[in-house]
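Following: one structure in structure tokens, then a few remarks.
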Amino acid sequence: MAKIEINLTKRDACPYCGSGLRKVLFALERYSVCRCKSCKGVFSDPYLSEKGAEKIFSEPDSVGVINTEVESYYDREFVLANSRHTFKVFDWLLDFLEKNVSGRKLLDVGFGMGLFLEKSRRRGWECRGIDFSDEYYKYAKETMGLDVMKKKISEFTGYDEEFDVIILWDVIEHLDDPGETLARLRGMLKPGGVLAIATPNEKSLLAFLAKFIYVIGFGLIKGPLSSVYVLEHPLFFDKKSLRKLLERNGFDIVLSKQDETDIERLNLGKLKKIIVKIIFFLSRSMRMSNRIIVIAEK
Ligand SMILES: [Zn+2]
């Protein structure tokens, strides 16, 4: 595999509210996880910027460079063959949207492997999407025949029509300026249109256990925390902080629910997989699962 350099950017201000006051929660190997003293938002510093991420992920063979456990997570054939949870969640979301939204025009921002676009098209939605990756774009356009654009989110000003639904799946945690992006996407929705977001949950049982190990190890055992507060994510949300950000940018929350990482998509050893499965089982009953889905209305 080619050696790919990862450059992190220093932050001066909170990415949510612009405040310069913060508390360092954990000092990890290459970055610290901080909490803004003003808005309580959690972020990393230094961080992987949108530009930095585009540079890494537009290289061939870049998947798995930062974390080998996610190599299979983005392998289309592997996901199609092994994943049930991912598609179950897609079906749940489409069921909800079809019941609650009258129009059928959908935009997937950061469509990735195009799995959601493919599924929604099959269910009769009129789908469009953007992604910065050349590989994903070409596959979606040429092989799948989808109506997509190769575009960075920061440079995306919209199509010539408004949408009933915008999907932001595993994207918000990668943004430089989440408030600005949300406000811009809001402008692309029809009145009453909805935005559906999925992102990791910072207040999960998994994160709690990783923090516990970090604290009892006097800050020396950083491994578990580094796989919760991953380098690829400059921003970390929980239900409350995501709600606050959405409301500040003109959205009303319609629904929020727990979800969990589709473990069958990860490249974990047998023992690790069993441990994670037990933690996920407990997380469900404690309402501390490691992902959140929020649906918000314009
Ligand atoms: Zn702040």
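Using a 1.4 Å probe on the protein heavy atoms, what percent of the accessible area of the range 122-232 belongs to carbon and sulfur?
Here it works out to 57 percent.
Residues of the range 106-137 with the amide nitrogen closer than 13 Å to a label point 7 Å from the Cα of Leu80, along Cα-to-Cβ, please. Zone members listed by number: 113-116, 118-119.
The spacing between the range 1-40 and the range 180-218, judged by their C-alpha centroids, is 15 Å. Remark: the range 67-78, residue by residue, has Karplus-estimated 3J(HN,Hα) of 9, 5, 5, 9, 3, 6, 4, 10, 9, 3, 5, 4 Hz, where x stands for each Gly or Pro and the curve is 6.51 cos²θ - 1.76 cosθ + 1.60 at θ = phi - 60°. Rolling a 1.4 angstrom probe over the protein heavy atoms with all chains in place gives the range 171-286 an accessible area of 47 Å² per residue.
The string of couplings for the range 149-157 from the Karplus curve (6.51, -1.76, 1.60, θ = phi - 60°) is 10, 8, 7, 7, 4, 5, 9, 8, 10 Hz, one whole number per residue in order, with x for Gly and Pro.
The distance from the alpha carbon centre of the range 145-162 to that of the range 84-107 is 20 Å, rounded to a whole number. The convex hull of the Cα atoms of the range 84-297, projected and averaged over all directions, covers 12.7 nm².
In this structure, the amide hydrogen of Val254, modeled 1.01 Å from its nitrogen in the peptide plane, lies closer than 5 angstrom to those of Ile295, Ala296, Glu297, counting only residues at least 5 positions away or on a different chain. A Förster radius of 30 Å combined with the Cβ-Cβ distance from Thr143 to Glu59 puts the calculated FRET efficiency at roughly 0.90. Beyond 27 Å in Cα-Cα separation lie the following of the pairs Lys119/Lys150; Lys88/Lys222; Lys99/Lys203; Lys211/Lys277: Lys88/Lys222; Lys99/Lys203.
Rounded to the nearest 10 degrees, the inclination of helix 239-248 to the longest alpha-carbon principal axis of the chain is 50 degrees. When the pairs Lys23/Lys272; Lys141/Lys273; Lys40/Lys138; Lys105/Lys138; Lys257/Lys298; Lys37/Lys272 are compared against a 28 Å limit on Cα-Cα distance, Lys23/Lys272; Lys141/Lys273; Lys40/Lys138; Lys37/Lys272 fall above it.
Taking every alpha-carbon pair in the range 207-289 and binning the separations at 10 Å intervals from zero gives 14, 37, 36, 12, 1 percent. To the nearest ten degrees, helix 205-216 and the longest principal axis of the Cα atoms of the chain are 20 degrees apart. Applying the Karplus relation 6.51 cos²θ - 1.76 cosθ + 1.60 with θ = phi - 60° to the range 186-192 yields 3J(HN,Hα) values of 4, x, 8, 8, 5, x, x Hz, where x marks Gly and Pro.
As a test of the formula, what do you get for the chain when each DSSP H run with n ≥ 4 contributes -39,500 (n - 2.57) and the sum is divided by the residue count, at 222 nm and rounded to the nearest 500 deg cm²/dmol? Let's see the in-between values first.
Details: 10 runs with 98 residues, N = 298.
Calculated at 222 nm, the ellipticity per residue is -9500 deg cm²/dmol.
Under 4.7 Å Cβ to Cβ, no partner at all: give me those cysteines from the chain, in residue order. So, Cys34, Cys127.
The values are calculated or read from the model by the stated rules, or taken from the named source; none is laboratory data. What you are looking at is a predicted structure, and each value in this text was computed from that prediction instead of being measured. In this analysis, Cβ positions are derived from the backbone assuming ideal geometry, glycine residues included, and neighbour counts consider all displayed protein chains. Side chains included, ligands, DNA and RNA excluded: accessible areas come from the protein's heavy atoms. Shrake-Rupley method; radii C 1.70, N 1.55, O 1.52, S 1.80 Å.
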